[in-house]
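Visitor: Can you keep this structure in mind? I'll have questions shortly.
The values are calculated or read from the model by the stated rules, or taken from the named source; none is laboratory data. Nothing here was measured: the structure is a model prediction, and the numbers come from that model. Please note that ligands, DNA and RNA were not included when accessible areas were found on the heavy atoms of the full protein model with its side chains. Shrake-Rupley method; radii C 1.70, N 1.55, O 1.52, S 1.80 Å.
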Amino acid sequence: MTGQPDREAMDREEIVQLQLERLEATLNRAQRSVPFYQRRFAEAGFDAEGLRSLDDLRRLPFTTKRDLRDNHPYGMFAVPLRDVVRVHASSGTTGLATAVGYTRNDLKTWSDLVARILVAGGVGKDDVVQVAFDYGLFTGAFGFHQGAERLGASVIPVSSASARRQLGIMKDYRSTALVCTPSHAMTLADAAIEAGLKPGTLSLRHGLFGAEPWSESMRADLQAKLKLVATDNYGLSEVGGPGLAGECLDRRGLHVAEDHFLVEVVDPETLAPVPDGTVGELIVTTLTREAMPVVRFRTHDLASLTRVPCACGRTMARMSRVKGRTDDLILVKGARVFPSEIEAVLLEVEGTEPHYEIVLERRHGGDEALVRVEAATPGDENLRGAVERRLASELGVAVAVELVAPRTLPRSEGKARRVIDRRRPDAP
Ligand code: DLL
(Lines give C-alpha, C1' and ligand atoms only; values in the text may rest on other atoms or scores of the structure.)
Protein backbone atom coordinates (compact mmCIF):
# COMPACT_ATOMS: atom_id res chain seq x y z
CA MET A 1 0.00 0.00 0.00
CA THR A 2 2.58 2.55 1.03
CA GLY A 3 6.21 3.22 0.34
CA GLN A 4 7.24 3.20 4.01
CA PRO A 5 4.22 1.81 5.89
CA ASP A 6 5.89 1.92 9.30
CA ARG A 7 6.32 5.66 8.85
CA GLU A 8 3.33 6.68 6.82
CA ALA A 9 0.73 5.05 9.05
CA MET A 10 2.03 6.10 12.49
CA ASP A 11 -0.41 7.12 15.21
CA ARG A 12 -0.79 10.86 15.71
CA GLU A 13 0.89 10.69 19.16
CA GLU A 14 3.85 8.87 17.64
CA ILE A 15 4.13 11.47 14.88
CA VAL A 16 4.07 14.31 17.40
CA GLN A 17 6.68 12.62 19.59
CA LEU A 18 8.97 11.97 16.64
CA GLN A 19 8.52 15.55 15.41
CA LEU A 20 9.40 16.93 18.82
CA GLU A 21 12.59 14.88 19.04
CA ARG A 22 13.64 15.80 15.53
CA LEU A 23 12.72 19.45 15.96
CA GLU A 24 14.87 19.68 19.03
CA ALA A 25 17.81 18.18 17.16
CA THR A 26 17.26 20.49 14.19
CA LEU A 27 17.00 23.64 16.29
CA ASN A 28 20.09 22.68 18.26
CA ARG A 29 22.04 22.13 15.08
CA ALA A 30 20.81 25.38 13.54
CA GLN A 31 21.65 27.35 16.69
CA ARG A 32 25.09 25.79 16.97
CA SER A 33 26.20 25.80 13.36
CA VAL A 34 24.43 28.59 11.48
CA PRO A 35 25.32 32.14 12.64
CA PHE A 36 22.08 33.44 11.10
CA TYR A 37 19.95 31.23 13.36
CA GLN A 38 22.21 31.84 16.34
CA ARG A 39 21.46 35.55 16.00
CA ARG A 40 17.77 35.06 15.29
CA PHE A 41 17.21 32.74 18.24
CA ALA A 42 19.13 35.07 20.57
CA GLU A 43 17.06 38.07 19.42
CA ALA A 44 13.89 36.10 20.16
CA GLY A 45 15.24 35.08 23.59
CA PHE A 46 14.96 31.44 22.52
CA ASP A 47 17.24 28.60 23.46
CA ALA A 48 16.82 25.33 21.56
CA GLU A 49 17.57 23.42 24.78
CA GLY A 50 14.39 24.83 26.27
CA LEU A 51 12.03 23.34 23.65
CA ARG A 52 9.19 21.52 25.45
CA SER A 53 6.42 21.21 22.88
CA LEU A 54 5.84 21.75 19.18
CA ASP A 55 3.96 24.94 20.06
CA ASP A 56 7.20 26.45 21.36
CA LEU A 57 8.27 26.75 17.74
CA ARG A 58 5.84 29.65 17.43
CA ARG A 59 8.15 31.75 19.56
CA LEU A 60 10.64 31.76 16.72
CA PRO A 61 10.56 34.26 13.86
CA PHE A 62 9.93 33.17 10.28
CA THR A 63 12.70 32.62 7.77
CA THR A 64 12.15 34.32 4.43
CA LYS A 65 13.47 34.08 0.91
CA ARG A 66 15.26 37.35 1.64
CA ASP A 67 17.14 35.72 4.53
CA LEU A 68 18.31 32.93 2.23
CA ARG A 69 19.32 35.49 -0.35
CA ASP A 70 21.29 37.52 2.20
CA ASN A 71 23.21 34.39 3.13
CA HIS A 72 23.66 33.08 -0.39
CA PRO A 73 25.34 30.81 -1.38
CA TYR A 74 26.54 28.87 1.65
CA GLY A 75 25.71 30.98 4.69
CA MET A 76 22.69 28.85 5.67
CA PHE A 77 24.65 25.58 5.58
CA ALA A 78 25.02 23.83 8.93
CA VAL A 79 27.88 21.60 7.78
CA PRO A 80 31.24 22.37 6.16
CA LEU A 81 31.29 22.21 2.35
CA ARG A 82 33.38 19.06 2.61
CA ASP A 83 30.26 17.25 3.84
CA VAL A 84 28.04 18.66 1.11
CA VAL A 85 27.78 16.29 -1.83
CA ARG A 86 25.23 18.15 -3.97
CA VAL A 87 24.03 21.68 -4.52
CA HIS A 88 20.74 22.60 -6.22
CA ALA A 89 19.00 25.95 -6.46
CA SER A 90 15.51 27.33 -6.29
CA SER A 91 14.09 28.14 -9.69
CA GLY A 92 14.09 31.84 -8.93
CA THR A 93 10.48 32.43 -10.03
CA THR A 94 10.52 35.52 -7.87
CA GLY A 95 13.90 36.58 -9.19
CA LEU A 96 15.99 35.33 -6.28
CA ALA A 97 17.56 31.94 -6.95
CA THR A 98 19.22 30.56 -3.81
CA ALA A 99 21.45 27.56 -3.19
CA VAL A 100 20.36 24.38 -1.37
CA GLY A 101 22.92 21.88 -0.08
CA TYR A 102 22.60 18.13 0.56
CA THR A 103 24.79 15.79 2.57
CA ARG A 104 24.96 12.13 1.60
CA ASN A 105 22.30 11.39 4.21
CA ASP A 106 20.11 14.18 2.86
CA LEU A 107 20.24 12.60 -0.60
CA LYS A 108 19.26 9.25 0.87
CA THR A 109 16.32 10.73 2.77
CA TRP A 110 15.26 12.69 -0.29
CA SER A 111 15.23 9.52 -2.43
CA ASP A 112 13.09 7.74 0.17
CA LEU A 113 10.65 10.63 0.27
CA VAL A 114 10.26 10.86 -3.50
CA ALA A 115 9.91 7.06 -3.68
CA ARG A 116 6.96 7.47 -1.28
CA ILE A 117 5.39 10.02 -3.62
CA LEU A 118 5.80 7.66 -6.57
CA VAL A 119 4.30 4.73 -4.65
CA ALA A 120 1.40 6.89 -3.48
CA GLY A 121 0.77 7.80 -7.14
CA GLY A 122 0.59 4.12 -8.10
CA VAL A 123 4.15 3.62 -9.40
CA GLY A 124 6.00 0.38 -8.61
CA LYS A 125 9.12 -1.58 -9.53
CA ASP A 126 7.73 -2.68 -12.88
CA ASP A 127 7.10 0.81 -14.10
CA VAL A 128 9.09 2.70 -16.69
CA VAL A 129 9.35 6.27 -15.43
CA GLN A 130 9.98 9.01 -17.96
CA VAL A 131 11.40 12.09 -16.28
CA ALA A 132 10.62 15.10 -18.49
CA PHE A 133 11.81 17.74 -16.04
CA ASP A 134 14.98 19.57 -16.98
CA TYR A 135 18.05 18.04 -15.33
CA GLY A 136 20.08 20.78 -13.72
CA LEU A 137 19.94 23.04 -10.73
CA PHE A 138 16.16 22.53 -10.56
CA THR A 139 15.33 19.85 -7.98
CA GLY A 140 12.51 18.17 -9.94
CA ALA A 141 14.48 15.93 -12.29
CA PHE A 142 17.18 14.67 -9.93
CA GLY A 143 14.66 14.28 -7.13
CA PHE A 144 12.35 12.03 -9.15
CA HIS A 145 15.25 10.27 -10.81
CA GLN A 146 16.71 9.15 -7.48
CA GLY A 147 13.28 8.38 -6.03
CA ALA A 148 12.38 6.13 -8.96
CA GLU A 149 15.75 4.35 -8.79
CA ARG A 150 15.30 3.91 -5.05
CA LEU A 151 11.96 2.29 -5.73
CA GLY A 152 13.49 -0.03 -8.30
CA ALA A 153 11.52 1.32 -11.25
CA SER A 154 13.26 1.83 -14.62
CA VAL A 155 14.13 5.47 -15.14
CA ILE A 156 14.25 7.13 -18.56
CA PRO A 157 15.99 10.46 -17.89
CA VAL A 158 14.83 12.31 -21.01
CA SER A 159 15.16 15.76 -19.44
CA SER A 160 13.93 18.60 -21.64
CA ALA A 161 13.31 17.71 -25.28
CA SER A 162 10.83 18.64 -28.00
CA ALA A 163 7.33 17.24 -27.62
CA ARG A 164 7.99 15.05 -30.64
CA ARG A 165 11.05 13.52 -29.05
CA GLN A 166 9.35 13.03 -25.68
CA LEU A 167 6.47 11.23 -27.40
CA GLY A 168 8.81 9.17 -29.57
CA ILE A 169 10.71 7.97 -26.52
CA MET A 170 7.48 7.41 -24.59
CA LYS A 171 6.23 5.17 -27.37
CA ASP A 172 9.47 3.26 -28.06
CA TYR A 173 10.37 2.64 -24.44
CA ARG A 174 6.75 1.99 -23.42
CA SER A 175 6.97 4.48 -20.57
CA THR A 176 4.23 3.82 -18.03
CA ALA A 177 4.75 6.87 -15.81
CA LEU A 178 5.30 10.48 -16.82
CA VAL A 179 6.91 12.97 -14.44
CA CYS A 180 6.75 16.67 -15.35
CA THR A 181 4.78 19.85 -14.77
CA PRO A 182 1.05 19.68 -15.58
CA SER A 183 1.45 22.41 -18.22
CA HIS A 184 4.17 20.43 -19.96
CA ALA A 185 2.02 17.30 -19.79
CA MET A 186 -0.72 19.29 -21.52
CA THR A 187 1.69 20.32 -24.28
CA LEU A 188 2.62 16.64 -24.75
CA ALA A 189 -1.03 15.57 -24.72
CA ASP A 190 -1.93 18.12 -27.38
CA ALA A 191 1.09 17.13 -29.46
CA ALA A 192 0.04 13.47 -29.23
CA ILE A 193 -3.46 14.31 -30.44
CA GLU A 194 -2.10 16.50 -33.22
CA ALA A 195 0.28 13.77 -34.36
CA GLY A 196 -2.73 11.46 -34.60
CA LEU A 197 -1.34 8.95 -32.08
CA LYS A 198 -4.00 6.30 -31.77
CA PRO A 199 -5.30 5.39 -28.30
CA GLY A 200 -3.29 2.44 -27.10
CA THR A 201 -0.09 3.57 -28.84
CA LEU A 202 1.25 4.87 -25.54
CA SER A 203 1.57 2.72 -22.42
CA LEU A 204 1.15 5.53 -19.88
CA ARG A 205 -0.72 4.69 -16.68
CA HIS A 206 0.50 7.23 -14.13
CA GLY A 207 1.16 10.94 -14.34
CA LEU A 208 3.02 12.53 -11.44
CA PHE A 209 2.60 16.22 -11.92
CA GLY A 210 3.76 19.10 -9.78
CA ALA A 211 6.00 22.13 -9.39
CA GLU A 212 3.23 24.57 -10.38
CA PRO A 213 -0.42 25.19 -9.53
CA TRP A 214 -3.08 23.37 -11.53
CA SER A 215 -6.78 22.69 -11.19
CA GLU A 216 -9.15 19.72 -11.03
CA SER A 217 -10.38 20.62 -14.53
CA MET A 218 -6.81 20.42 -15.77
CA ARG A 219 -6.50 16.99 -14.13
CA ALA A 220 -9.66 15.76 -15.86
CA ASP A 221 -8.39 17.03 -19.20
CA LEU A 222 -4.95 15.45 -18.79
CA GLN A 223 -6.39 12.12 -17.69
CA ALA A 224 -8.76 12.00 -20.65
CA LYS A 225 -6.13 12.98 -23.19
CA LEU A 226 -3.22 10.88 -21.90
CA LYS A 227 -5.25 7.96 -20.51
CA LEU A 228 -3.51 7.94 -17.15
CA VAL A 229 -4.22 8.59 -13.49
CA ALA A 230 -2.81 11.99 -12.59
CA THR A 231 -1.60 12.82 -9.08
CA ASP A 232 -0.38 16.11 -7.69
CA ASN A 233 2.82 16.50 -5.71
CA TYR A 234 4.31 19.51 -4.01
CA GLY A 235 7.66 20.66 -2.76
CA LEU A 236 10.05 23.57 -2.87
CA SER A 237 13.75 23.66 -3.29
CA GLU A 238 14.43 25.69 -0.16
CA VAL A 239 13.44 22.66 1.92
CA GLY A 240 14.90 20.09 -0.45
CA GLY A 241 12.64 19.91 -3.53
CA PRO A 242 9.91 17.38 -4.37
CA GLY A 243 9.04 14.86 -1.65
CA LEU A 244 7.34 17.18 0.81
CA ALA A 245 3.80 16.12 -0.09
CA GLY A 246 1.96 14.05 -2.67
CA GLU A 247 -1.45 12.61 -3.40
CA CYS A 248 -2.36 8.97 -3.06
CA LEU A 249 -4.78 7.38 -5.50
CA ASP A 250 -7.75 8.61 -3.43
CA ARG A 251 -6.67 12.10 -4.42
CA ARG A 252 -8.20 13.94 -1.53
CA GLY A 253 -5.30 16.06 -0.47
CA LEU A 254 -1.52 15.67 -0.55
CA HIS A 255 0.07 13.57 2.20
CA VAL A 256 2.73 15.60 3.96
CA ALA A 257 5.89 13.72 5.02
CA GLU A 258 5.39 14.87 8.60
CA ASP A 259 8.24 12.73 9.90
CA HIS A 260 10.60 14.99 7.93
CA PHE A 261 8.76 18.30 7.82
CA LEU A 262 6.68 20.27 10.25
CA VAL A 263 4.05 22.31 8.48
CA GLU A 264 2.03 25.19 9.89
CA VAL A 265 -0.63 27.29 8.21
CA VAL A 266 -0.86 30.96 9.13
CA ASP A 267 -2.93 33.95 8.09
CA PRO A 268 -0.71 35.58 5.44
CA GLU A 269 -1.45 39.05 6.80
CA THR A 270 -1.44 38.65 10.58
CA LEU A 271 0.85 35.58 10.52
CA ALA A 272 -1.27 34.08 13.31
CA PRO A 273 -1.97 30.32 13.11
CA VAL A 274 -5.27 29.33 11.48
CA PRO A 275 -7.26 26.18 12.32
CA ASP A 276 -7.14 23.04 10.16
CA GLY A 277 -9.41 23.41 7.15
CA THR A 278 -8.71 27.12 6.75
CA VAL A 279 -6.61 28.30 3.83
CA GLY A 280 -3.51 30.25 4.74
CA GLU A 281 0.19 30.46 4.02
CA LEU A 282 2.18 27.27 4.48
CA ILE A 283 5.17 27.50 6.77
CA VAL A 284 7.69 24.68 6.64
CA THR A 285 10.35 23.60 9.12
CA THR A 286 12.69 20.78 8.11
CA LEU A 287 13.16 18.04 10.72
CA THR A 288 15.95 15.90 9.30
CA ARG A 289 17.93 17.98 6.85
CA GLU A 290 21.59 18.03 7.77
CA ALA A 291 23.23 20.37 5.24
CA MET A 292 20.61 23.08 5.37
CA PRO A 293 18.03 23.00 8.13
CA VAL A 294 15.31 25.61 7.55
CA VAL A 295 13.20 26.94 10.40
CA ARG A 296 9.69 28.28 9.78
CA PHE A 297 10.18 29.06 6.11
CA ARG A 298 7.51 31.28 4.58
CA THR A 299 6.54 29.51 1.36
CA HIS A 300 4.00 32.13 0.20
CA ASP A 301 1.94 29.15 -0.99
CA LEU A 302 -1.70 29.06 0.08
CA ALA A 303 -3.27 25.80 1.20
CA SER A 304 -5.17 24.25 4.10
CA LEU A 305 -4.40 21.19 6.23
CA THR A 306 -6.39 18.28 7.58
CA ARG A 307 -5.15 15.75 10.12
CA VAL A 308 -8.01 13.32 9.56
CA PRO A 309 -6.45 9.99 8.48
CA CYS A 310 -6.99 9.10 4.84
CA ALA A 311 -9.01 6.15 3.55
CA CYS A 312 -5.76 4.80 2.05
CA GLY A 313 -4.38 4.10 5.54
CA ARG A 314 -1.85 6.91 5.65
CA THR A 315 -2.13 8.99 8.80
CA MET A 316 0.07 11.93 7.92
CA ALA A 317 -1.58 15.33 7.58
CA ARG A 318 -2.91 16.17 4.16
CA MET A 319 -2.65 19.55 2.53
CA SER A 320 -5.10 20.81 -0.05
CA ARG A 321 -3.95 21.62 -3.53
CA VAL A 322 -1.97 24.84 -3.51
CA LYS A 323 -4.58 27.48 -4.28
CA GLY A 324 -1.99 29.97 -5.43
CA ARG A 325 0.83 32.11 -4.15
CA THR A 326 0.23 35.11 -1.94
CA ASP A 327 2.08 37.20 -4.54
CA ASP A 328 -0.26 35.99 -7.33
CA LEU A 329 -3.39 36.99 -5.49
CA ILE A 330 -5.54 39.25 -7.64
CA LEU A 331 -7.56 41.87 -5.83
CA VAL A 332 -10.27 43.29 -8.03
CA LYS A 333 -12.67 45.66 -6.31
CA GLY A 334 -12.18 43.86 -3.04
CA ALA A 335 -12.70 40.34 -4.43
CA ARG A 336 -9.81 37.88 -4.12
CA VAL A 337 -9.08 35.60 -7.02
CA PHE A 338 -6.31 33.13 -7.76
CA PRO A 339 -5.07 32.29 -11.24
CA SER A 340 -5.91 28.60 -10.63
CA GLU A 341 -9.57 29.56 -10.13
CA ILE A 342 -9.51 31.33 -13.49
CA GLU A 343 -7.95 28.22 -15.01
CA ALA A 344 -10.71 26.01 -13.64
CA VAL A 345 -13.36 28.17 -15.32
CA LEU A 346 -11.50 28.42 -18.64
CA LEU A 347 -11.17 24.67 -18.88
CA GLU A 348 -14.88 24.22 -18.48
CA VAL A 349 -15.86 26.64 -21.21
CA GLU A 350 -16.43 24.98 -24.58
CA GLY A 351 -14.30 26.47 -27.35
CA THR A 352 -11.22 27.57 -25.43
CA GLU A 353 -7.93 25.68 -25.14
CA PRO A 354 -6.08 24.92 -21.87
CA HIS A 355 -3.40 27.48 -22.71
CA TYR A 356 -3.78 30.88 -21.13
CA GLU A 357 -2.02 33.72 -19.38
CA ILE A 358 -3.22 36.39 -17.02
CA VAL A 359 -1.88 39.91 -17.32
CA LEU A 360 -2.21 41.96 -14.14
CA GLU A 361 -2.09 45.72 -14.02
CA ARG A 362 -2.74 48.26 -11.32
CA ARG A 363 -5.27 50.90 -12.31
CA HIS A 364 -7.35 53.32 -10.26
CA GLY A 365 -5.95 51.89 -7.05
CA GLY A 366 -7.14 48.33 -7.76
CA ASP A 367 -5.91 45.37 -9.79
CA GLU A 368 -7.16 44.69 -13.26
CA ALA A 369 -6.78 41.36 -14.95
CA LEU A 370 -6.76 40.53 -18.64
CA VAL A 371 -7.13 36.84 -19.41
CA ARG A 372 -5.58 35.85 -22.73
CA VAL A 373 -6.69 32.40 -23.79
CA GLU A 374 -6.22 30.39 -26.95
CA ALA A 375 -9.28 29.52 -29.02
CA ALA A 376 -9.71 27.86 -32.40
CA THR A 377 -11.92 30.79 -33.40
CA PRO A 378 -10.14 33.84 -31.93
CA GLY A 379 -12.40 36.30 -33.77
CA ASP A 380 -15.57 34.91 -32.18
CA GLU A 381 -17.02 37.82 -30.20
CA ASN A 382 -19.85 35.68 -28.88
CA LEU A 383 -17.39 33.22 -27.40
CA ARG A 384 -15.34 36.04 -25.88
CA GLY A 385 -18.45 37.52 -24.27
CA ALA A 386 -19.50 34.09 -23.02
CA VAL A 387 -16.11 33.50 -21.35
CA GLU A 388 -16.22 36.93 -19.71
CA ARG A 389 -19.73 36.31 -18.37
CA ARG A 390 -18.82 32.87 -17.10
CA LEU A 391 -15.73 34.21 -15.31
CA ALA A 392 -17.73 37.07 -13.81
CA SER A 393 -20.45 34.77 -12.50
CA GLU A 394 -18.12 32.09 -11.10
CA LEU A 395 -15.51 34.39 -9.61
CA GLY A 396 -17.65 37.37 -8.74
CA VAL A 397 -15.09 39.53 -10.50
CA ALA A 398 -15.10 41.19 -13.90
CA VAL A 399 -12.00 40.29 -15.89
CA ALA A 400 -11.42 41.21 -19.51
CA VAL A 401 -10.88 38.34 -21.94
CA GLU A 402 -8.87 38.29 -25.14
CA LEU A 403 -9.05 35.27 -27.44
CA VAL A 404 -5.82 34.50 -29.24
CA ALA A 405 -5.03 32.01 -32.02
CA PRO A 406 -3.95 28.47 -31.09
CA ARG A 407 -0.23 28.15 -30.30
CA THR A 408 0.38 31.87 -29.88
CA LEU A 409 1.08 31.74 -26.14
CA PRO A 410 4.54 30.52 -25.15
CA ARG A 411 4.91 26.83 -24.21
CA SER A 412 7.28 25.81 -21.49
CA GLU A 413 9.04 22.54 -20.82
CA GLY A 414 9.17 23.45 -17.15
CA LYS A 415 6.93 25.73 -15.18
CA ALA A 416 4.39 27.67 -17.21
CA ARG A 417 4.42 31.41 -16.73
CA ARG A 418 0.71 31.98 -16.24
CA VAL A 419 0.79 35.36 -14.56
CA ILE A 420 2.39 38.40 -16.16
CA ASP A 421 2.46 40.78 -13.25
CA ARG A 422 2.76 44.42 -14.28
CA ARG A 423 1.49 45.72 -10.96
CA ARG A 424 4.85 46.28 -9.37
CA PRO A 425 6.71 49.50 -10.18
CA ASP A 426 9.76 47.52 -11.37
CA ALA A 427 7.71 45.14 -13.53
CA PRO A 428 8.80 44.77 -17.18
O1 DLL B 1 9.08 23.14 -7.86
C2 DLL B 1 10.02 21.42 -6.44
C3 DLL B 1 9.20 20.41 -7.16
C4 DLL B 1 9.73 19.74 -8.23
C5 DLL B 1 7.93 20.10 -6.71
C6 DLL B 1 8.98 18.79 -8.88
C7 DLL B 1 7.17 19.13 -7.33
C8 DLL B 1 7.69 18.47 -8.44
P9 DLL B 1 10.85 25.25 -6.71
O10 DLL B 1 11.35 25.35 -8.11
O11 DLL B 1 11.66 25.82 -5.64
O12 DLL B 1 10.66 23.73 -6.34
O13 DLL B 1 9.41 25.88 -6.69
C14 DLL B 1 8.63 25.80 -5.55
O15 DLL B 1 6.60 25.87 -6.86
O16 DLL B 1 6.68 27.28 -3.60
C17 DLL B 1 5.04 26.51 -5.25
O18 DLL B 1 4.75 27.88 -5.44
C19 DLL B 1 5.22 25.84 -6.58
N20 DLL B 1 4.76 24.46 -6.54
C21 DLL B 1 5.50 23.34 -6.40
N22 DLL B 1 4.70 22.24 -6.45
C23 DLL B 1 3.43 22.69 -6.60
C24 DLL B 1 2.15 22.06 -6.71
C25 DLL B 1 9.85 22.83 -6.99
N26 DLL B 1 2.00 20.74 -6.71
C27 DLL B 1 7.31 26.48 -5.77
N28 DLL B 1 1.08 22.88 -6.82
C29 DLL B 1 6.39 26.33 -4.60
C30 DLL B 1 1.21 24.21 -6.83
C31 DLL B 1 3.48 24.10 -6.64
N32 DLL B 1 2.37 24.85 -6.76
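Visitor: Does the chain come out rounded, prolate or oblate, given a ≥ b ≥ c as the square roots of the eigenvalues of its C-alpha gyration tensor, rounded meaning a/c under 1.5 and, failing that, prolate meaning a/b above b/c?
Guide: Taking the square roots of the gyration eigenvalues as a ≥ b ≥ c, the chain is oblate.
Visitor: Considering lysine pairs in the chain that are 8 or more places apart or on different chains, how many have Cα atoms under 30 Å apart?
Guide: Summing the qualifying lysine pairs gives 25.
Visitor: Take the alpha carbon gyration tensor of segment 329-421, find the square roots of its eigenvalues, order them as a ≥ b ≥ c, and report rounded if a/c is under 1.5; if not, report prolate when a/b exceeds b/c, else oblate.
Guide: oblate
Visitor: Using a probe radius of 1.4 Å on heavy atoms only, what accessible surface per residue do you get for segment 1-159? Whole Å² is fine.
Guide: Here the residues of segment 1-159 average 46 Å² of exposed surface.
Visitor: Right, something else. Report ³J(HN,Hα) in whole Hz for each residue of segment 78-90, in order, from the Karplus equation J = 6.51 cos²θ - 1.76 cosθ + 1.60 where θ = phi - 60°; Gly and Pro get x.
Guide: Ordered by residue, 3J(HN,Hα) equals 9, 10, x, 4, 4, 8, 8, 9, 8, 10, 10, 9, 5 Hz.
Visitor: How far, in degrees from 0 to 90, does helix 139-151 lean away from the longest principal axis of the Cα atoms of the chain, to the nearest 10?
Guide: Between helix and principal axis, roughly 70 degrees.
Visitor: Using a 1.4 Å probe, what is the accessible area per residue for segment 283-353, in Å²?
Guide: 33
Visitor: Using a 1.4 Å probe and ignoring any ligands, DNA or RNA, find the accessible area of LYS65 and quote it in Å² to the nearest 10.
Guide: Its heavy atoms expose roughly 30 Å² to the probe.
Visitor: Heavy-atom accessible area per residue, segment 372-418, 1.4 Å probe: how many Å²?
Guide: Roughly 55 Å² per residue, with all protein chains present.
Visitor: How many percent of the accessible area of the chain is carbon or sulfur, using a 1.4 Å probe?
Guide: Heavy-atom surface of the chain belonging to carbon and sulfur, 1.4 Å probe: 50 percent.
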